[in-house]
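As structure tokens, the structure follows; a few thoughts come after it.
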Amino acid sequence: MEIKTYHKATSLKEAYQLLNASTKNILIGGGAWLKMSTQSVETVIDLNALNLNQIIDHDDYIEVGSMVTLHDFESHESIISLGKGFLGTAVGSIMGVGFRNIATVGGSIVGRYSFSDLITSLVTLPVKLIFYPFKEMPLESFLLSKEKVTDILTHIIIEKRSGTGYFKKVSNSGLDFAILNVAVFKEQGQYQIAIGSRPGGALIAHEALDFLNSQPLVNDEVIEQTANIVLDTIKLGSNKAASEEYRKALAKAYVKRGIKEVSS
Amino acid sequence: MKVQFTLNGRNRIFEVSPDEYLLETLRNNHITSVRNGCDESTCGVCTVLFDSKPVLSCTMLTARVDGHHITTVEGVQNEVEHISHYFGDEGADQCGFCNVGLALTLHALKSEIKDPTDEEIKTYIVGNLCRCSGYQAQFRAIKRFLGDQK
Amino acid sequence: MRIVKHKIPSIDGRGIMMGRPAYTDDLADPNALIVKILRSPHAFAKIVSIDTSKAMELEGVELILTHHDVPRKSFTRAGQGYPEPSPHDKFILDEYVRYVGDEVACVAAISERMAKKALSLIEVKYEVFEPVLDFEKAYEHPSVIHPEEGIYEMFPIGFEPKKNVAASYQMEVGNIEEVLKSCDVVIEESFYTQAQAHAMMEPHTVNARIDFQNRLVIYSSTQTPFHVRRILSQTLDVPLSRIRVIKPRVGGGFGGKQALHGEMFVSMVTLKTGKPSKINFTRKEVFESTYTRHPMRLDMKLGAMKDGTLKAIDCYVLSDTGAYGEHALTVFMVTGSKVLPLYNKVDAVRFKGRIVYSNHVSAGAYRGYGAIQGNFALESAIDMLCAKLKMDPILFRQKNMILEGQTSPIFEIMGEGTEGTAMIMETCKLDFCVKRGMELIGWNDKYPRVELGNSKVKAVGMAIAMQGSGIPYIDMGAATIKLNDDGFYNLMVGATDIGQGSDTILAQIAAEELMTTVDKVIVYSSDSDLTPFDTGAYASSTTYVSGNAVLKAANLMKNMLLEEAARALKVDIDDIEFDGITFQTENQQITLSALSNRLTYNEDQKQLTATGSYVGTKSPPPFMAGYIEIDVDKETGELDIINYVSVVDCGTPINLKLAQGQVEGAIVQGLGMARFEDVKYSSKGSLISNGFLNYKIPTTKDIHKLTTEFAESYEKSGPFGAKSVGEIGIDTPPAALANAVYNAVGVRITELPITPEKILKGILEQKQKEIHS
């Protein structure tokens, strides 16, 4: 990426004005993915002086600043204790620690990366995104919207839940992108299931959950049926990493295993 | 643009381009211990410590470093020499190209996680690729190094 | 032995970890011009016109070279002994471009930014041809990849460029057709191996400068500094005496640096401008524009009798050498010569095939050098034969494999590009390796499989392998030992340390013979001016060939020292006892330190140096048995490698830890080829897997347990009984894994890599078959 100017913003207002002053101005989180870009930009706006790198534990929710690095996120006690640590497992499988000390939670979310292990696991929890100037949006809505982001993501609000989470990243080697991501979360008999890296971005399996969450008893048959509905309703595709057929077999196996694991 | 940060304990000012990465700045200023292994933030060879945390210097814009602390092996010579004893003992230092980045990562691991499990160690160093050693001798050296720290 | 066969820390690990400048780019001239290459976007095309005028106008651009500006003399980039068995089919720059990433023009500028900008301003018009992207269709394809004049073979290797053939070969022992007909059981199968990337951590790099004697001095990350010097001299028409090549520390080679990469370009730039210059390959360029392993199709036919006697091996190989023919014939020959002798008692064996050009990245030398490809095919086929015979695969191997004291006619017939050398296996501990490996993996408790429940199954698989130790009558290594005042030595060797630790183990050999310690033997290696000749780090030659040279030199030095001590003490040489530190007679003594000071400053002053050279008269193979234990998930095809056991006969391991490191590193590299390393081209012929994001090599999380042991073995012809250990480790993993997968789920995978998707596909296809039958 070619950059003409690097500007360290001193206020959100200043950053917002600069961002919207030209289509050639961009925000960076950690800048972890900049090298992949061959773009030429005018001004890169750095938000590091705006105190957005805190994780604050409130009574009912966890407030995560958008500039919190992935490694700080996965290491924080509040995050580790959520859902029996499945968020930490998800984030900890992203590249190496040298990368995760640069990449930010905000950057990963705004990028809407289809292979994102963070997004797939996070979307099974009640998560709200806070943008400047004032705008709030559930994470799932943000993922589904295709609009270009012209506001600044400042905080991610994760409602505390006392359930159990499961995250499986299927990949060939320890440092690879996911061939498929499967996340399951269960709290008091209510499940959430998300499939990511399909190769498309993370989707919540609503139809399958409508079925699963209405069952009085979750036995092997119900689990099998749930997995089948996932296959019928969540589009899986082929790319150079894997074929559609293979992804289907993986989705079926790991949705079943995920449900079983969070139910035990 | 001018960027100011402490490098191995010394306050330094560098004249850099806005799109210049820390790796380039360091090598252009004679810190030859920091080297390039790949183009895509994937190998860990270029690892340095940013405020004591391991980061990929090829992925961090120098402008971002303004006001912070950067440590390379030149700044922690005693500690790295100590680590090198374990690697030499296990024959874990073959071509050596990944060793510098790995030593800094280990130095950070030692401070960050007390009594790490095998799984935690591997997760911490997984981003430091090695093509020579097959990782076993490295892991043996690392376990003994961390064990002796206790 | 006090030093050899011990675990001594390397002489350089500490300094490198502490960050000392050591590698090629660390030593580049700080004012070096930056050289960048304009690369072809087409897999096969001709440059119709090339206009560099706009680029030349940029301030800071010093020089641009196109095919109009370079000598029209073909050469081979392959680092091999002269005359090379590789065709001279490369020009520095040509009007044809033969793969996506091939060199079109060379720019030298004062900064990287300027150089990149200049590249973007060069205007090229191409005439695009239909590329040859399927090597099975390359033979006599209408697109002739090398239609140009001025290319040739150095001696007959079957070079037929008009048919897209770089080389071909055939040999037969006995009458294969007859013997196959007489066999009770015959199996036939085709195997495919992929173009593995070396993925060494240090990208290719080289820099050049003119020194104050007006000589061209090259610092290159290379495995073959002396070959580089010769090839530069011959192609650029610069006297050999005016060129110096130095190899600094190298961050891994594995064969990927056993050929020229950027040396021609920096040499031309520096010679033309008089200024220092350097080129640093990006990782993308390393993948796309250096070398790969030769992908192959191997058609195997095995014939045996009901009682398990292997009678016939028929092997046809089609090898893809890519755009240029470096190492084409020799890798091909090793596919046979270092695999087939494993089953030396057959009545007939045939090995034939051809190596074709294609518009892929050029294939070249890579650890194993054909033996891993051949091993995958043969050792998989052997297990297939055992299944058909309903015979235990270990019993079958024990019955048929080569043993100590035996030979194979193949040794005499097949060399590397030329005829081979007959030899008896003076050391071959395969029988021990096979038995010991069984114990270590727990074979009897696990073979073929153990159901683990939860749709998981555990299984074991194995393979045996052999390699070589240098190329007899061709590879020469030499060493010079110099005595210093204070009684320490300089050891100058041409031998090339590329990270395998040759500097350390050669110091050990010298120290053992001179009865001193490693810290008193200061090694300097691989400088064409200051060190004696060595062909370079390949063919697993360093320990055996260069080691023998060091031993000879040390022995000569020891005798010289005894002579001088005798003179100093005025006694007969036979009256002296030397323990490495002191020369002792009945009532006199002088320390080495005192003697050396005397020789330097006081009396009988002279400089003692001793040079030893060695050429092998045989290439005693190291052997190994590799065993793998895997857990397979039958629902997803995923597998965990629980343990890989290697029992190796490499003769005496000179340094126990470094030898173990060689084996383990090679095993993991072999497992990478077996499992993850997937080479993918687009339909237009550009390499998709051109970075670590898309081409995965094993990480520390992928390896659970490696168990490595060495057999007790002493090869008399080797230094202190050593053979070699650099390559042997890479050969067994693909076949061992394929065999284990078959034992686990009954799926035979014949095309690498063995991915979970392929395994699951095989499981599902089997289920279908069972339903229908």
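Read the figures in this text as sums done on the coordinates, not as results from a lab. Treat the numbers as computed from the prediction; the structure is a model and nothing was measured. Note that we place each Cβ from the backbone using ideal geometry, even for glycine, and neighbour counts take in every protein chain shown.
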Shape descriptors of region A:2-46 over alpha-carbon atoms, Rg and Dmax in angstrom, are 10.1, 29
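Name the GluC sites (Glu not before Pro) in region C:633-712 that are in a loop by DSSP and that have at most 12 other C-beta atoms within 10 Å, would you? Mind dumping the intermediate values first?
On the way: sites: C:E635, C:E638, C:E664, C:E677, C:E709, C:E712; in loops: C:E635, C:E638, C:E677, C:E712.
Answer in residue order: C:E712.
Under Stokes-Einstein, with the Kirkwood radius over Cα pairs standing in for Rh, what whole-number D in µm²/s applies to chain A at 37 °C and 0.692 mPa s? Walk me through the numbers before you get to the answer.
Working: Rh = 19.1 Å.
The diffusion coefficient I find is 172 µm²/s.
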Projecting the Cα atoms of C:L569, A:I55, C:F332 onto the charge dipole of the protein assembly as shown, where Lys and Arg contribute +1 and Asp and Glu -1 at Cβ, the residue farthest towards the positive end is A:I55
If each part is reduced to its alpha-carbon centroid, region B:37-78 and region A:29-72 end up apart, in Å, by 18
In whole angstrom, the spacing between the Cα centers of region A:221-264 and region C:738-754 equals 25
By the C-alpha gyration tensor axes a ≥ b ≥ c (rounded if a/c is under 1.5, else prolate when a/b exceeds b/c, else oblate), the shape of region C:614-656 is prolate
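Placing unit charges on C-beta atoms (Lys and Arg positive, Asp and Glu negative, everything else neutral), compute the dipole magnitude of the protein assembly as shown about its Cα centre in debye, rounded to 20.
Details: 123 positive and 145 negative charges, 235 e Å.
Result for the protein assembly as shown is approximately 1120 debye, rounded to the nearest 20.
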Length-normalised contact order of chain C, Cα under 8 Å, at least 6 apart, in percent, tallies to 15
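Answer rounded, prolate or oblate for region C:362-425, using the Cα gyration tensor with square roots of eigenvalues a ≥ b ≥ c: rounded when a/c is under 1.5, else prolate when a/b is larger than b/c, else oblate. Mind dumping the intermediate values first?
Numbers: a/c = 2.95, a/b = 1.35, b/c = 2.19.
Since a/c reaches 1.5 but b/c is at least a/b, the shape of region C:362-425 is classed as oblate.
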With the convex hull built on the alpha-carbon atoms of region A:55-159, volume per residue in Å³ sits at 92
On each of the three principal axes the extent of the alpha-carbon atoms of chain C, given in whole Å and largest first, is 94, 76, 50
A convex hull over the alpha carbons of region C:655-742 yields, per residue, a volume in Å³ of 153
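If you place +1 on the Cβ of every Lys and Arg and -1 on the Cβ of every Asp and Glu, how big does the dipole about the Cα centre of region A:2-46 come out, in debye to the nearest 20? If you can, show how the numbers build up before the last one.
On the way: 5 positive and 4 negative charges, 4 e Å.
About 20 debye.
Out of all DSSP beta bridges with both ends in region B:2-73, state the antiparallel percent to the nearest 5. Please list the in-between numbers first.
Numbers: 13 of 15 bridges.
Of the beta bridges lying entirely in region B:2-73, close to 85 percent run antiparallel.
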Treating only Lys and Arg (+1) and Asp and Glu (-1) as charged, each at its beta carbon, one finds that region A:55-159 has a dipole about its Cα centre, in Debye to the nearest 20, of 480
At q = 0.08, 0.13, 0.19 1/Å the base-10 log of I(q)/I(0) from the Debye formula over the alpha-carbon atoms of chain B is -0.22, -0.56, -1.13
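Among the listed pairs A:K186/A:K235; C:K458/C:K684; B:K2/B:K53; A:K248/C:K684; C:K90/C:K117; C:K352/C:K657, which have their C-alpha atoms separated by more than 32 angstrom in this model? Can you show the working numbers first?
Numbers: A:K186/A:K235 23 Å; C:K458/C:K684 41 Å; B:K2/B:K53 23 Å; A:K248/C:K684 29 Å; C:K90/C:K117 27 Å; C:K352/C:K657 39 Å.
Beyond 32 Å: C:K458/C:K684; C:K352/C:K657.
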Normalised per residue, the volume inside the convex hull of the alpha-carbon atoms of region B:76-149 in Å³ amounts to 81
Taking alpha-carbon centroids only, region A:148-195 lies from region C:626-681 a number of Å equal to 34
For C:K46, the aspartates and glutamates lying under 17 Å Cα to Cα, once residues fewer than eight places off in the same chain are dropped, come out as C:D69, C:D89, C:D94, C:E95, C:D102, C:E103, C:E123, C:E127, C:E130, C:E148, C:E149
If unit charges are put on Cβ atoms (+1 for Lys and Arg, -1 for Asp and Glu) and the dipole of chain A is taken about its Cα centre, the option from A:V230, A:I259, A:W33 lying farthest towards the positive end turns out to be A:W33
As a Kirkwood estimate from alpha-carbon pairs, region C:476-615 has a hydrodynamic radius in angstrom of 15.2
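Tell me the trypsin sites (Lys or Arg not before Pro) within region A:114-178 that lie in a loop according to DSSP and have at most 14 other beta-carbon atoms within 10 Å. Could you put the intermediate results ahead of the total?
On the way: sites: A:K128, A:K135, A:K146, A:K148, A:K160, A:R161, A:K168, A:K169; in loops: A:K146, A:K148, A:K160, A:R161.
Sparse-neighbourhood loop trypsin sites (Lys or Arg not before Pro): A:K146, A:K148.
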Mean projected area (nm²) from the convex hull of Cα positions in the protein assembly as shown is 48.7
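Which trypsin sites (Lys or Arg not before Pro) from region C:110-180 combine a DSSP loop assignment with at most 15 other Cβ atoms within 10 Å?
Details: sites: C:R113, C:K116, C:K117, C:K125, C:K137, C:K162, C:K163; in loops: none.
When the trypsin sites (Lys or Arg not before Pro) of region C:110-180 are filtered for loop state and at most 15 Cβ neighbours within 10 Å, nothing remains.
Take every Cα pair under 8 Å in region A:2-46 that's 6+ residues apart, average their separations, divide by the length, and report that relative contact order as a whole percent.
Values: 55 pairs, mean separation 27.1, N = 45.
RCO, region A:2-46: 60 percent.
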Relative contact order in percent for region A:55-159 (Cα pairs under 8 Å, 6+ apart) equals 32
Per the C-alpha gyration tensor (a ≥ b ≥ c, the square roots of its eigenvalues), region A:164-263 is rounded if a/c is under 1.5, else prolate if a/b beats b/c, else oblate; here it's prolate
Relative to the compact-globule estimate 2.2 N^0.38 Å (N residues), the Cα gyration radius of region B:2-73 stands at a ratio of 0.97
Placing +1 on each Lys and Arg Cβ and -1 on each Asp and Glu Cβ in the protein assembly as shown, then taking the dipole about the Cα centre, the residue among B:S111, C:V645, C:I64 whose Cα reaches farthest towards the positive end is C:I64
